[in-house]
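A.B. asks: The structure under discussion is supplied below as structure tokens; questions concerning it will follow.
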Amino acid sequence: MKKTKISVGGMHCASCALNIEKTLKRDKRINDAVVNFSTATATVEFDENEIKAEEINKKIEDAGYKAHTITKDSDVEKRAREEEMAHYKKMTLISFVFAIPVFIIAMLMIEIPYKPYVLWALSTPVQFYVGLQFYKGMISALKNKTANMDTLIAIGTSAAYFYSVYLVLFSIGMETYFETSAVLISLVTFGKYLEARAKGKASEAIRKLLDLSPKKARLIEEGEEIMVDVEDVKVGNIILVKPGELIPVDGVVVSGHSTVDESMITGEPIPVEKVKGNSVVGGTINKNGVLQFKATKVGDDTTLSQIIKLVEEAQAQKAPIQRYADMISSYFVPAVILIALITFSVWYFALGEIFSFSLILGVSVLVIACPCALGLATPTAIMVGTGRGAGLGILIRNGAVLEKVEKVTAIAFDKTGTITVGKPQISVIKSFGSEEEKIMKIAYSLEKNSEHPLAESFVDYAKKKKMKAWKISKFKAITGKGIQGVIGKTKCYLGNRTMMREIGAHVEKDAEKEAEKLEEKANTVVFLAVGKKIIGLIGLKDEIRKDSKDAITGLKRLGLKTFIITGDNERVAAAIAKETEIDEYFANVSPAEKAGLIEKLKKRGFVVAMVGDGINDAPALAKSDLGIAMGSGTDIAIETGDIILMRSTLKDVKRAILLSKATMSKIKQNLFWALIYNVIGIPVAAGLLYPTYGLLLNPMIAGGAMALSSVSVVTNSLLLNLKKID
């Protein structure tokens, strides 16, 4: 299956998006289609052996809309947004030029020669030039056997316009309603212009990320500098970056010294020092030195490309809560037309009011109803929320994640690299009848072949001591226990107590006491055995992150139960839990057992979020109700976790939860106001309050209210950018 993203032009409300979705999904060659009204895009999954992208575009165009496939580095979306704003701005100006004189003459009762004909002449360009968009939308909807907002506007304004034409031709002297149709179209068009501008602001996050994408790179080939397009950079190329320039792709520094501003990737404002061996990320800014680096990730594989892809996908997908809005929208327009007909019939036939009075009430019902606000309620909040998150270094995978966050009652943390820094240092070497140097040389020789996180500590220690490793044969890593290998003809083991017990090596009392003391101070202890004799132990201390305790305290204040899950032993787990004030801990848990432990917590009634490094903890992250993967910004496991934290700080766990809850709150507010607006507005427009209070809703006021309801929903979503997330 292949996925394509299409820019869709000409949508006026959520009903339009649903119409396109239904049209595409009717084709069995299309596996799935999601049309996002707020971003004016369609994400389509299809069998490329059966149907081509061009055919999908044609289907959308046949339904009455514009369609352009969005390719990599394509500015189709940006151009479409600019064209939409320019179109509505032009139409607004034209309509106001004609509608304002109509309004002044009609509403202020100004008497001029041939007044009815002047009003007719002035309102006609508005009705059929500016209003042509609504007629086209109505016809397209009818072709698809449905109705949308265009249907309401076209029917409502046509009723007022053509009734006025009838009065001019056959009932000279009666007041016409040309101002109603002209002003209505003008206000709705102006509302569309404001809405387009607001939606443009809502999608600023993606544009900012796209603006970070460098266009050129300076390659070093045979000592010469060659400027090439960034698309032509290959893995392994050496790239030169001068002060103030954007780093074009991900890579590793091979020479030079500088600081790099990584704020747009990690959210961290302080530039990071870069020397030989350090990683650099495409899209970040080289500050004050010259760097040469080897490209390691190019094209779609770069961190920036992955972030953009993730945010775009999050904004394109629908949150489950939007199903309710879609369901209401699908029945909304036909229901409103029916209510308008009932309103007219009751007032004219049952209550005996004059035709014009009954007609105007029917028109008011048509134009006050607003399916747009319902359609915009969820996607605009998701756009702003995920965009704000990207700016903070918090990547939210999709709208469904936001709903998951609300239900979370417990958070389980991995220890290494999550609560701790993730870079254990050798703190103690204790020998039992052997020299410390020999112990470390054996340990280093074994660990040199290991991929375990602790291995790096032994390698770093050996480098500082300029130690050389012995040759190892029959090397084997035993998950959750340790490693073994043969030096010369002697079998050596480096691991925990479980390994020592399994090989039959006895831990002496002195060694056990020493190990316990270290573990009570949060040291991880490994034993070294030669044959079946333990000759030493090594303590490794992984510092707890400075912000871990504050972050965990903050999460507990939100009412969340906290757990730590670690492969370390009971004493280390207890020491870290005590220092960080975590509620419960689980020790001696192997990577394979972590997922099972998450299941046990769920059976206890908890809705569990798991926080891990996104690689070793992948099974537990997948098994949890909400997976939160911590990354360094360059080594992100993008496929793992519902929320990805670019910065290695636990405080961002709380920020992610607060941002998700704030976004869900905006969605609910938007849906409430969109629904309550219609629940109150339609009965008032139908004249429900007229018999008791003499209150009627002028169609022009109804039209203005309808236009502004959509703008208010988008504006409310934009307020997320001002929300304090801390």
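The values are calculated or read from the model by the stated rules, or taken from the named source; none is laboratory data. Predicted model only: the values in this text are computed from it and were never measured. Here the Cβ is made from the backbone with ideal geometry for all residues, glycine too, and neighbour counts use every protein chain on show. Quick note on the areas: whole protein, heavy atoms, side chains included, nothing else; ligands and nucleic acids left out. Shrake-Rupley method; radii C 1.70, N 1.55, O 1.52, S 1.80 Å.
A.B. asks: Can you tell me which residues in the stretch 421-434 are at pLDDT 85 or above and within 16 Å of residue 528 (Cα to Cα)?
C.D. replies: Correct list: 426, 427, 428, 429, 430, 431, 432.
A.B. asks: For residue 199, which of the numbered conditions (1) at pLDDT 90 or above; (2) within 29 Å of the chain's Cα centre (by Cα); (3) not small (Gly, Ala, Ser) fails to hold?
C.D. replies: (1)
A.B. asks: Residue 149: under 20 Å from residue 373 (Cα atoms), free of Cβ contacts under 8 Å to residues at least 60 places away in the same chain and either open to solvent by 40 Å² or more (accessible area, probe 1.4 Å) or in contact with a Ser or Thr (Cβ under 8 Å, 6 or more places away or on another chain) (or both), yes or no? Break it down stepwise before answering.
C.D. replies: Working: under 20 Å from residue 373 (Cα atoms): yes; free of Cβ contacts under 8 Å to residues at least 60 places away in the same chain: no; either open to solvent by 40 Å² or more (accessible area, probe 1.4 Å) or in contact with a Ser or Thr (Cβ under 8 Å, 6 or more places away or on another chain) (or both): yes.
Considered against the rule, which asks whether it is under 20 Å from residue 373 (Cα atoms), free of Cβ contacts under 8 Å to residues at least 60 places away in the same chain and either open to solvent by 40 Å² or more (accessible area, probe 1.4 Å) or in contact with a Ser or Thr (Cβ under 8 Å, 6 or more places away or on another chain) (or both), residue 149 comes out as no.
A.B. asks: Something else now. If you go through the stretch 446-460 one residue at a time, do you hit one that is more than 47 Å from the chain's Cα centre (by Cα), touching a residue at least 24 places away in the same chain (Cβ under 8 Å) and surrounded by 16 or more Cβ atoms within 10 Å (Cβ to Cβ)? Step through it out loud before you land on a result.
C.D. replies: Keep residues of the stretch 446-460 that are more than 47 Å from the chain's Cα centre (by Cα), which gives none.
Looking through the stretch 446-460, none of the residues is more than 47 Å from the chain's Cα centre (by Cα), touching a residue at least 24 places away in the same chain (Cβ under 8 Å) and surrounded by 16 or more Cβ atoms within 10 Å (Cβ to Cβ).
A.B. asks: What single numbered condition from (1) more than 29 Å from residue 92 (Cα to Cα); (2) in a helix (DSSP H, G or I); (3) out of contact with any Leu (no Cβ under 8 Å at 6 or more places or on another chain) fails to hold for residue 701?
C.D. replies: Single failed check for residue 701: (1).
A.B. asks: Here is a further query. Name the residue, out of 466, 476, 441, 509, that is open to solvent by 10 Å² or more (accessible area, probe 1.4 Å), over 27 Å from residue 617 (Cα atoms) and modelled with pLDDT of 90 or more.
C.D. replies: Every option except 441 fails the conditions.
A.B. asks: Which count do you get for residues in the stretch 295-325 that are of a type in the set (A, V, I, L, M, F, W, C), surrounded by fewer than 22 Cβ atoms within 10 Å (Cβ to Cβ) and in a strand (DSSP E or B)?
C.D. replies: Summing the residues that are of a type in the set (A, V, I, L, M, F, W, C), surrounded by fewer than 22 Cβ atoms within 10 Å (Cβ to Cβ) and in a strand (DSSP E or B) in the stretch 295-325 gives 0.
A.B. asks: If the requirement is being in contact with a Gly (Cβ under 6 Å, 6 or more places away or on another chain) and either open to solvent by 20 Å² or more (accessible area, probe 1.4 Å) or of a type outside the set (Phe, Trp, Tyr) (or both), which of these qualifies: 181, 140?
C.D. replies: 140
A.B. asks: Only one of 45, 111 is of a type outside the set (Val, Ile, Thr), more than 26 Å from the chain's Cα centre (by Cα) and outside any helix (DSSP H, G or I). Can you tell me which?
C.D. replies: 111
Let's see how each residue does on (1) of a type in the set (S, T, N, Q); (2) under 30 Å from residue 225 (Cα atoms); (3) touching a residue at least 24 places away in the same chain (Cβ under 8 Å):
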| residue | (1), (2), (3) |
| --- | --- |
| 275 | no, yes, no |
| 294 | no, yes, yes |
| 311 | no, no, yes |
| 315 | yes, no, yes |
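A.B. asks: Somewhere in the stretch 630-643, is a residue under 28 Å from residue 318 (Cα atoms) and at pLDDT 85 or above?
C.D. replies: Yes, some residue in the stretch 630-643 is under 28 Å from residue 318 (Cα atoms) and at pLDDT 85 or above.
A.B. asks: While we're here: Inspect the stretch 266-280 for any residue being among the basic types (Lys, Arg), buried (at least 20 other Cβ atoms within 10 Å of the Cβ) and either modelled with pLDDT of 80 or more or in contact with a Phe, Trp or Tyr (Cβ under 6 Å, 6 or more places away or on another chain) (or both) and give the result as yes or no.
C.D. replies: Yes, the stretch 266-280 has at least one match.
A.B. asks: Are any residues in the stretch 532-572 within 34 Å of the chain's Cα centre (by Cα) and under 24 Å from residue 480 (Cα atoms), and if so, which ones?
C.D. replies: Residues satisfying the conditions are 542, 543, 544, 545, 562, 563, 564, 565, 566, 567.
A.B. asks: Right, something else. Considering only residues that are part of a strand (DSSP E or B) and farther than 13 Å from residue 292 by Cα, look in the stretch 225-242 and name the one that is most open to solvent (accessible area, probe 1.4 Å).
C.D. replies: As a first pass, look at the stretch 225-242 and keep what is part of a strand (DSSP E or B): 225-229, 238-241.
Those left that are additionally farther than 13 Å from residue 292 by Cα: 226-229.
Values: 226: 64, 227: 109, 228: 28, 229: 63 Å².
Taking the candidates together, the pick is 227.
A.B. asks: Taking residue 723 as meeting all but one of (1) closer than 30 Å to residue 369 by Cα; (2) in contact (Cβ under 8 Å) with a residue 40 or more places away in the chain; (3) open to solvent by 70 Å² or more (accessible area, probe 1.4 Å), write down the number of the exception.
C.D. replies: (1)
A.B. asks: Still on this model: If a residue has to be open to solvent by 30 Å² or more (accessible area, probe 1.4 Å) and touching a strand residue (DSSP E or B) at 6+ places or on another chain (Cβ under 9 Å) to count, how many in the stretch 207-224 make the cut?
C.D. replies: Initially, the stretch 207-224 is screened for residues open to solvent by 30 Å² or more (accessible area, probe 1.4 Å), giving 207-208, 210-211, 215-216, 218, 220-224.
Checking which are touching a strand residue (DSSP E or B) at 6+ places or on another chain (Cβ under 9 Å) leaves us with 215-216, 218, 220-221.
Residues flagged as open to solvent by 30 Å² or more (accessible area, probe 1.4 Å) and touching a strand residue (DSSP E or B) at 6+ places or on another chain (Cβ under 9 Å) within the stretch 207-224 amount to 5.
A.B. asks: Exactly one of (1) among the hydrophobic types (A, V, I, L, M, F, W, C); (2) open to solvent by 10 Å² or more (accessible area, probe 1.4 Å); (3) at pLDDT 90 or above is unmet by residue 365. Its number?
C.D. replies: The one condition residue 365 does not meet is (2).
A.B. asks: The conditions are (1) small (Gly, Ala, Ser); (2) open to solvent by 10 Å² or more (accessible area, probe 1.4 Å); (3) part of a strand (DSSP E or B), and residue 64 fails exactly one of them. Which is it?
C.D. replies: Of the numbered conditions (1) small (Gly, Ala, Ser); (2) open to solvent by 10 Å² or more (accessible area, probe 1.4 Å); (3) part of a strand (DSSP E or B), the odd one out for residue 64 is (3).
A.B. asks: Among residues belonging to the stretch 479-492 that are in contact (Cβ under 8 Å) with a residue 40 or more places away in the chain and either of a type in the set (Val, Ile, Thr) or in a helix (DSSP H, G or I) (or both), point out the one that is least open to solvent (accessible area, probe 1.4 Å).
C.D. replies: Selected residue: 487.
A.B. asks: Pull up the stretch 583-619, narrow it to residues that are under 23 Å from the mean Cα position of the chain (by Cα) and assigned to a helix (DSSP H, G or I), then point me to the one that is surrounded by the most Cβ atoms within 10 Å (Cβ to Cβ).
C.D. replies: Here the residue is 618.
A.B. asks: Sticking with this structure for a sec: Based on what the data block shows, is residue 54 modelled with pLDDT under 90 and outside any strand (DSSP E or B)?
C.D. replies: It is false that residue 54 is modelled with pLDDT under 90 and outside any strand (DSSP E or B).
A.B. asks: A further question on this structure: Considering the stretch 414-440 alone, what residues qualify as being among the basic types (Lys, Arg), under 19 Å from residue 493 (Cβ atoms) and in contact with a helix residue (DSSP H, G or I) (Cβ under 8 Å, 6 or more places away or on another chain)?
C.D. replies: 430
A.B. asks: In addition: Across the stretch 1-17, what is the total count of residues that are crowded, with 24+ Cβ neighbours inside 10 Å, within 21 Å of residue 332 (Cα to Cα) and in contact with a strand residue (DSSP E or B) (Cβ under 9 Å, 6 or more places away or on another chain)?
C.D. replies: Here the count works out to 3.
A.B. asks: OK, next. So which residues in the stretch 659-682 are farther than 30 Å from residue 642 by Cβ and touching a helix residue (DSSP H, G or I) at 6+ places or on another chain (Cβ under 9 Å), if there are any at all?
C.D. replies: 677, 678, 681, 682
A.B. asks: Please verify whether the stretch 128-136 includes one or more residues that are outside any helix (DSSP H, G or I), of a type outside the set (Phe, Trp, Tyr), open to solvent by less than 80 Å² (accessible area, probe 1.4 Å) and touching a Gly at 6+ places or on another chain (Cβ under 8 Å).
C.D. replies: no
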